[in-house]
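Working notes, structure below.
Each value in this text was obtained by applying a stated rule to the coordinates, not by laboratory testing. Note that this is a predicted model, so its numbers are computed, not measured. Using ideal geometry, Cβ is built from the backbone for each residue, glycine included, and neighbour counts are taken over all protein chains shown.
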Number of protein chains: 2
Amino acid sequence: MNLLFKALSDPTRRQIIELLRKRDMNAGEIADYFSISKPSISHHLDLLRQANVVISIKEGQFITYSLNTTVFDEVVTWVLDQSQRKKTNKKDIKQKSK
Amino acid sequence: MNLLFKALSDPTRRQIIELLRKRDMNAGEIADYFSISKPSISHHLDLLRQANVVISIKEGQFITYSLNTTVFDEVVTWVLDQSQRKKTNKKDIKQKSK
DNA sequence: AAAGTATTTAGACATTTGCCTAAATATATA
DNA sequence: TATATATTTAGGCAAATGTCTAAATACTTT
């Protein structure tokens, strides 16, 4: 959960997600869309993979990345949940201190 | 957009959101739920306010914070959008370099 | 007006993050 | 097998982030 939100908190990583939404790409193709170095992109891809946002499949010399859209459900559920006001429980009522 | 995702990327701030989901609270009440200092909580609240996630209203000696749930729509829209595979445009097809 | 309470601001510090270059690894091709 | 290509790993560095204590601000109460 935290890895997931962390993964989404960087603009470059969100752009990578938007790219992969259109089609699967290998690391080099992805890097071509950015002006930062390939190792930096590789690092971002690693974080996205750790957060389960993308899956990577080695295809010969290339590594193809694709979105794992299922994790987004988790985010949507959490966020939508916050939009809904919760009924206050007795035990949640905090006394003013002193 | 970036401020919003940044705001959601910290566990303490997400917990604050979950607290405010139940009821509005003033800064001191919120701080009571955590073991970190009041100035730190105040800082988190400031970031949440900058991201438009909460609104603060001064009520005498207290400052009441409440959720501004409308911003969550933005997140849900973006995330849901990524879950939906996009039709590939001609112009989006990137030639393999060389 | 003085003292107490609620909250923020200021400034310092350690950790994390995002970036870089150089080197390592793995596969493909001449 | 030697060379070229694709990608990652390693290590370093600057900026951003999260935390703290001390001090400032603002309101309330005596």
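With N counted as the residues of segment A:2-69, its alpha-carbon radius of gyration over 2.2 N^0.38 Å works out to 0.99.
Extending 7 Å from the Cα toward the beta-carbon at both B:Leu47 and B:Phe62 defines two label points whose distance is 2.6 nm. For chain B, the mean residue ellipticity at 222 nm estimated from helices alone is -16000 deg cm²/dmol, where every DSSP H run of n ≥ 4 contributes -39500 (n - 2.57) and the total is divided by all residues, rounded to the nearest 500. Scanning chain B for the beta carbon that comes closest to the axis linking it by rotation to A yields B:Ser9, 2, distance in whole angstrom. Here is the size of the protein assembly as shown from its Cα atoms: Rg then Dmax, 20.2, 73 Å.
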